[in-house]
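Asks: Can you keep this structure in mind? I'll have questions shortly.
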Amino acid sequence: MLFDIVPDLFEEDLDEFLNGTSRLPSGGPYKHVSTPKKLTKANIENDPRFDVLSGSVTGHVTEEELWLFTQLWKEHKARQAAAQALISAGSKSDEAAPLTPSSETAAPELSSPPLSAPARTIIPPRSNTGALGGFDLPHQELTRQQQKGSIHLSLFRIPRIPEAETLIDDLSGQIERYEDRNQARARKRRAAVATQFRWAVSAFTGSVLTAWACVPARPVSLSLHRPAFQTVDIGHTTFVAVLDAMLALGYLQQRRGGRSRDGKVGNASRFWPTPMLLTLAVKHGINVGNAKAAFGYRRNTCKARPKVTQPIILRAFPNHPNAQRGPLLTVDPHDPIACILRREVEELNSSAASVRVEGCLPPQWRRQFIGDFRLYGRLHAQGEGNYQGMTPEDRLRNIRIGGEPVVEIDIASSHLSILHGLLRLPLPEGDLYAVAGVPRRIVKAWITATLGKGSPVTKWSSETLQRCPEVADYCAKVVKAAAIARYPFLATVAEVAAEFSHIALANRVLPHLLMGIEAEVIMEVVQALRFKTVLALPMHDGLIVPASIEVEARRLLIEAGERIAGVTLRLDVDRMPPA
């Protein structure tokens, strides 16, 4: 390998220099300059002078920078060699012994986590069972689609079956031995912190494996910002210690998060497994077929109330339809509409703080708008482990408002119903998703995709196929013809949002307009119940209310729908079945 900066300096010469037996050629571009801050490998990774992937350096560097760069390059080459070995192992018969490190010698000791920057060499995306148990062979870099389609890393993942328990035991032991070898801890963890430590190992392992078992395989994402851990029962220091150890042991790969230069758009860190983690999982009996069933969820035991510094936020429409979200816009503090909206959320948060809510994180909200105060407008519960992220069964089983059990009231066929109201059309009788000759679930998937896209769908997207795999058995064009035969307005559905064409194309605005009307209905009912000293927990298309107030809440929802959406909404009610 030839370093670009010194044509006659080869790798063996560099090793001699690093060992103190040689000096760099005089007259070269190296300068001994003082560095004002402690250098880390992260500094080298993010420095444009260094390209670890090709082993090249440009510009003036110090001896310390060069030494760190060389360590990163060697680690990169070692990981490439290990990945190639796993590819060879996966191509052998299933009876061949998997390349799995023992729990005592799982990985070489490293002074810091291995390089997290992506490699340019793309490894084949699929392995044949064997060593990887049917999991996709992890790339050393994420595709743009994977970055966009990441799954939130749940801090409340726990093992559900004995095989997962033994996997977590093995990883926990390896991490503790790694910390002992590197003197990472001065004393043993206290019992409470030891519990958090195991929770953190379970969260990483369970979230990463279950996400990588999806089709297609997906990474997980989580912000490592310290304030994000204020409302969870795992400490930030413990979590980061587990992350650093799993990176150093070669079990995780990371794509660092960060904000754009203007500070308006940010991305959380992405994590995905290495071949070493997958082979270790297979050794303990976890494979692509049982990974999702192997890990469940626990409840967040933290009682801290989330802090809401911005009750409302306004985002611009993203420049590209496939972009995740647009940048934050500045809200004029004197805007009368903004003042009303902000005060509503502040009063709701204040009243929620005075009500005893059990079974979930204390509820606090922020309301988000996109492009206009009439678009999107949904109330988002804040904090990791909030009630909106719980399963419907867990919400009904665990949540109590003022000591009383709850019911969940949902708006049936919400967006399709609101669309009828905008067009001043009466709702047809019966199930809105009933179309002759096509199963209900397929019709619902097509209408949902069409309203989300803002135009009739003629080809199933990867998101639809993942959410509803059975649509692959039906031609989207055939379903389109059947759905439009019942609802002709779906052929030109974007015309409903034409008045917002100055913000974005009408088809892109349409789903946000429907969500905005839906959110306004929900907010009006939440406010009406608050005036009656009753706390309702808003969902995106419904409400969670005390069981004793169900009839009143349903009446208020129907009235608000008629007044705001121009349609008599149909409601579904979920109740906890009697014991």
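The values are calculated or read from the model by the stated rules, or taken from the named source; none is laboratory data. These figures come from a predicted structure and were not determined experimentally. Using ideal geometry, Cβ is built from the backbone for each residue, glycine included, and neighbour counts are taken over all protein chains shown. Accessible surface is based on the protein model in full, side chains and every heavy atom, while ligands, DNA and RNA are left aside. Shrake-Rupley method; radii C 1.70, N 1.55, O 1.52, S 1.80 Å.
Asks: For the condition over 17 Å from the mean Cα position of the chain (by Cα), of a type outside the set (Asp, Glu) and over 21 Å from Arg299 (Cα atoms), what is the one hit in Ala217, Ala186? If you could, list the steps in order and put the result at the bottom.
Replies: Values: Ala217 fails: over 17 Å from the mean Cα position of the chain (by Cα).
So the residue among Ala217, Ala186 that is over 17 Å from the mean Cα position of the chain (by Cα), of a type outside the set (Asp, Glu) and over 21 Å from Arg299 (Cα atoms) is Ala186.
Asks: While we're on this one: Can you tell me which residue within segment 215-238, out of those that are modelled with pLDDT of 90 or more, of a type in the set (Val, Ile, Thr) and more than 18 Å from Asn386 (Cα to Cα), is least open to solvent (accessible area, probe 1.4 Å)?
Replies: Across segment 215-238, the extreme among qualifying residues is Val220.
Asks: What's the number of the condition Asp180 fails, among (1) closer than 21 Å to Thr274 by Cβ; (2) at pLDDT below 95?
Replies: Single failed check for Asp180: (1).
Asks: Right, something else. Just to be sure I understand, how many residues within segment 471-497 are loosely packed, with under 15 Cβ neighbours inside 10 Å and in a loop (DSSP other than H, G, I, E, B)?
Replies: Summing the residues that are loosely packed, with under 15 Cβ neighbours inside 10 Å and in a loop (DSSP other than H, G, I, E, B) in segment 471-497 gives 1.
Asks: In this structure, is Ile158 of a type in the set (A, V, I, L, M, F, W, C), in a helix (DSSP H, G or I) and closer than 21 Å to Val220 by Cβ?
Replies: no
Asks: What number goes with the only condition from (1) out of contact with any helix residue (DSSP H, G or I) (no Cβ under 8 Å at 6 or more places or on another chain); (2) free of Cβ contacts under 8 Å to residues at least 40 places away in the same chain that Asn386 does not pass?
Replies: (2)
Asks: For segment 443-459, enumerate the residues that are open to solvent by 30 Å² or more (accessible area, probe 1.4 Å) and more than 22 Å from Glu470 (Cβ to Cβ). Working first, answer last.
Replies: Initially, segment 443-459 is screened for residues open to solvent by 30 Å² or more (accessible area, probe 1.4 Å), giving 444, 448, 452-453, 455, 458-459.
Matches in segment 443-459: Ser455 only.
Asks: So which residues in segment 345-363 are polar (S, T, N, Q) and either in contact with a Leu (Cβ under 7 Å, 6 or more places away or on another chain) or in a strand (DSSP E or B) (or both)?
Replies: To start, the set of residues in segment 345-363 that are polar (S, T, N, Q) comprises 349-351, 354.
Result: Ser351, single match.
Asks: Given Leu278, Leu348, which one is over 26 Å from Gly516 (Cα atoms) and open to solvent by less than 60 Å² (accessible area, probe 1.4 Å)? Talk me through it step by step, then tell me what you get.
Replies: Values: Leu348 fails: over 26 Å from Gly516 (Cα atoms).
Matching residue, one of Leu278, Leu348: Leu278.
Asks: So which residues in segment 374-427 are among the small types (Gly, Ala, Ser), assigned to a loop (DSSP other than H, G, I, E, B) and more than 22 Å from the chain's Cα centre (by Cα)?
Replies: Taking segment 374-427 and keeping what is among the small types (Gly, Ala, Ser), we get 377, 381, 383, 385, 389, 402-403, 412-414, 417, 421.
If we keep only those that are assigned to a loop (DSSP other than H, G, I, E, B) too, we end up with 383, 385, 402-403, 412-413.
Across segment 374-427, the qualifying residues are Gly402, Gly403, Ala412, Ser413.
Asks: Continuing with this model, one more query. Name the single residue that is nearest to Gly403 (Cα to Cα) among those in segment 520-534 being open to solvent by 10 Å² or more (accessible area, probe 1.4 Å) and under 31 Å from the mean Cα position of the chain (by Cα).
Replies: So the first thing to find is which residues in segment 520-534 are open to solvent by 10 Å² or more (accessible area, probe 1.4 Å), and the list is 520, 524, 527-528, 530-534.
From the residues that got through so far, the ones that are under 31 Å from the mean Cα position of the chain (by Cα) too are 520, 524, 527.
Numbers: Glu520: 28, Glu524: 24, Gln527: 21 Å.
Taking the candidates together, the pick is Gln527.
Asks: Moving to a separate point now. Would you be able to say whether some residue in segment 257-270 is part of a helix (DSSP H, G or I), without any contact (Cβ under 8 Å) to a residue 12 or more places away in the chain and open to solvent by 20 Å² or more (accessible area, probe 1.4 Å)? Write out each step before concluding.
Replies: Step one: filter segment 257-270 for residues part of a helix (DSSP H, G or I), giving none.
No, segment 257-270 has no match at all.
Asks: Take segment 257-288 and flag every residue that is among the small types (Gly, Ala, Ser) and at pLDDT 90 or above.
Replies: Matches in segment 257-288: Ala268, Ser269, Ala281, Gly285.
Asks: Quick check on segment 222-242. Is at least one of its residues closer than 16 Å to Asp169 by Cα, touching a residue at least 60 places away in the same chain (Cβ under 8 Å) and out of contact with any strand residue (DSSP E or B) (no Cβ under 8 Å at 6 or more places or on another chain)? Let's see the steps before the verdict.
Replies: Quick first cut of segment 222-242, residues closer than 16 Å to Asp169 by Cα only: 242.
Adding the requirement that they be touching a residue at least 60 places away in the same chain (Cβ under 8 Å) leaves 242.
From what's left, out of contact with any strand residue (DSSP E or B) (no Cβ under 8 Å at 6 or more places or on another chain): 242.
For segment 222-242, residues closer than 16 Å to Asp169 by Cα, touching a residue at least 60 places away in the same chain (Cβ under 8 Å) and out of contact with any strand residue (DSSP E or B) (no Cβ under 8 Å at 6 or more places or on another chain): present.
Asks: May I pose another question? All but one of (1) surrounded by 15 or more Cβ atoms within 10 Å (Cβ to Cβ); (2) at pLDDT 95 or above; (3) under 21 Å from Trp212 (Cα atoms); (4) out of contact with any His (no Cβ under 7 Å at 6 or more places or on another chain) hold for Gln174; which doesn't?
Replies: (3)
Asks: List, please: which pairs have Cβ atoms under 7 Å, are six or more places apart or on different chains, and start with a residue in segment 187-202 that is farther than 13 Å from Leu171 by Cβ and end with one that is at pLDDT 95 or above and of a type in the set (A, V, I, L, M)?
Replies: Gln196/Ile234
Asks: Within segment 498-508, identify whether any single residue is at negative phi, in contact with a Pro (Cβ under 8 Å, 6 or more places away or on another chain) and open to solvent by less than 10 Å² (accessible area, probe 1.4 Å), and answer yes or no.
Replies: No, the conditions are met nowhere in segment 498-508.
Asks: Based on this model, can you work out whether Pro577 counts as at negative phi and either open to solvent by 50 Å² or more (accessible area, probe 1.4 Å) or among the β-branched types (Val, Ile, Thr) (or both)?
Replies: Values: at negative phi: yes; either open to solvent by 50 Å² or more (accessible area, probe 1.4 Å) or among the β-branched types (Val, Ile, Thr) (or both): yes.
Yes, satisfied.
Asks: Which of the following residues is open to solvent by 60 Å² or more (accessible area, probe 1.4 Å) and not in a loop (DSSP other than H, G, I, E, B): Arg342, Arg366? Write out each step before concluding.
Replies: Numbers: Arg342 fails: open to solvent by 60 Å² or more (accessible area, probe 1.4 Å).
The match here is Arg366.
Asks: Of the residues that sit in segment 178-214 and are of a type in the set (Lys, Arg) and either part of a helix (DSSP H, G or I) or open to solvent by 60 Å² or more (accessible area, probe 1.4 Å) (or both), which one is nearest to Gln254 (Cα to Cα)? I'd like the intermediate steps shown before the answer.
Replies: Going through segment 178-214, the residues of a type in the set (Lys, Arg) turn out to be 181, 185, 187-190, 198.
Narrowing further to those that are either part of a helix (DSSP H, G or I) or open to solvent by 60 Å² or more (accessible area, probe 1.4 Å) (or both): 181, 185, 187-188, 190, 198.
Numbers: Arg181: 23, Arg185: 23, Arg187: 28, Lys188: 28, Arg190: 29, Arg198: 20 Å.
Step by step, filter segment 178-214, then rank; the result is Arg198.
Asks: Can you tell me which residue is surrounded by the most Cβ atoms within 10 Å (Cβ to Cβ) among those in segment 548-563 that are under 19 Å from Leu432 (Cβ atoms) and hydrophobic (A, V, I, L, M, F, W, C)?
Replies: It comes out as Leu557.
Asks: Additional query: Does segment 351-362 hold any residues that are of a type in the set (A, V, I, L, M, F, W, C) and buried (at least 18 other Cβ atoms within 10 Å of the Cβ), and which are they? Break it down stepwise before answering.
Replies: Our first condition is that a residue be of a type in the set (A, V, I, L, M, F, W, C); within segment 351-362, this holds for 352-353, 355, 357, 360-361.
Of everything in segment 351-362, those that are of a type in the set (A, V, I, L, M, F, W, C) and buried (at least 18 other Cβ atoms within 10 Å of the Cβ) turn out to be Ala352, Val357, Cys360, Leu361.
Asks: Quick one: in segment 415-442, of everything that is closer than 15 Å to Arg563 by Cα and either touching a helix residue (DSSP H, G or I) at 6+ places or on another chain (Cβ under 7 Å) or free of Cβ contacts under 8 Å to residues at least 24 places away in the same chain (or both), which residue is most open to solvent (accessible area, probe 1.4 Å)?
Replies: Step by step, filter segment 415-442, then rank; the result is Pro426.
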